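Below: the structure, in structure tokens.
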Amino acid sequence: MTKNLQRLKKLKSYSACALSFIAAQQTAHAEIVYTNVDPDYNITQGNVFDLDLNNDNKVDFIFTIKNGYWGSVQALLATDNPNNKVKAFCHTSSWYGNQYVWCNGADALDQGDTVGLSLDWTMNISSYWNSNNYEFFTQLANYTTYTYYGSQSPWLGAKDKFLGVRFQVNSNVLYGWIRLDVDSKLNTITLKDFAYNDEPFASIIAGEKSVSTSIQNPDLLKELAVYSYGNKVKIIGNTQNLSSATVSVHNLMGQLVYQTQLQNSSSEIELNDEAGSYYVVSIQQKDAVVTKKVFIKN
């Protein structure tokens, strides 16, 4: 098993600051933390590569290429944390006239795609494919001479495609991207660069290396308060600024539990969670998004 954590810690990283916003009387400072892998790093068959995205001495994702079943070659992604996941690749297949939807592989994103709360996520496909004893893992790609299997992988022969990722840091979830090339016959996976948004639960654009201030809407960000009390979420802001804004509430697994359009300056959302739990409230108006984590307790 080859370990590469120390090598990645020496890579050049840099950050760019974004505008702050007021939420529940607290200022959040968002940064895109970008790492350029220079030179590009090749992951080859038979090796295992450990990736620490935020340099905290914890492995976030494990890459490996191995021989699979019936002469196939598999590229797998694994993790020790069940809250670490990748953007799911969903596709349909037919079996005896019935249509099935499968979301058990990793999707290949294009530059400009959004990585955030609303995506489908995966990282625990059937143990049928697992011979390395990974508890949480998914398939990046599968190569075989049988087109029935090979045609289902968007990563085969991919150039400059992005893997959308979410990973846990303490009690927070961060979103990021990893740019890869993948050989058409799964001989090599080339890691080029990666980035993540260090603001918890805030989305990132695939290929984004710094937070752009051009998409910020000062009117939406001005004097906006989001807070919780008991099992309710309260949103207070300027009537004109919040008109037609959309509020979405997700749980920490990324599942949408509530969504509506705001009509006035004050809105109250009631959530019923007997055990009590954290939720993520997102308020979006055009390209501007404000995100706040709240705790709901009955």
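The values are calculated or read from the model by the stated rules, or taken from the named source; none is laboratory data. Because the structure is a prediction, the values reported are computed rather than measured. Cβ placement follows ideal geometry from the backbone for every residue including glycine, while neighbour counts extend to all protein chains displayed.
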Legend entry - Matching residues in the range 33-64 - criterion: being closer than 17 Å to ALA75 by Cβ and out of contact with any strand residue (DSSP E or B) (no Cβ under 6 Å at 6 or more places or on another chain): GLY46, ASN47
Inset, instruction - List the number of the failed condition for ASN83; all other conditions in (1) touching a Leu at 6+ places or on another chain (Cβ under 9 Å); (2) farther than 18 Å from TRP155 by Cα; (3) free of Cβ contacts under 8 Å to residues at least 60 places away in the same chain hold. - result: (3)
Inset, instruction - Within the range 35-88, track down each residue that is aromatic (Phe, Trp, Tyr) and closer than 14 Å to ARG166 by Cα. - result: PHE61
Inset, instruction - All but one of (1) within 22 Å of PHE167 (Cβ to Cβ); (2) at pLDDT below 75 hold for LYS209, so report the exception by its number. - result: (2)
Legend entry - the range 166-188, residues that are buried (at least 23 other Cβ atoms within 10 Å of the Cβ), within 27 Å of THR92 (Cβ to Cβ) and touching a residue at least 40 places away in the same chain (Cβ under 8 Å): ARG166, TYR175, TRP177, ILE178, VAL182, LEU186
Inset, instruction - Kindly check whether there is at least one residue in the range 153-165 that is surrounded by fewer than 21 Cβ atoms within 10 Å (Cβ to Cβ), at pLDDT below 85 and either in contact with a Leu (Cβ under 6 Å, 6 or more places away or on another chain) or in a loop (DSSP other than H, G, I, E, B) (or both). - result: no
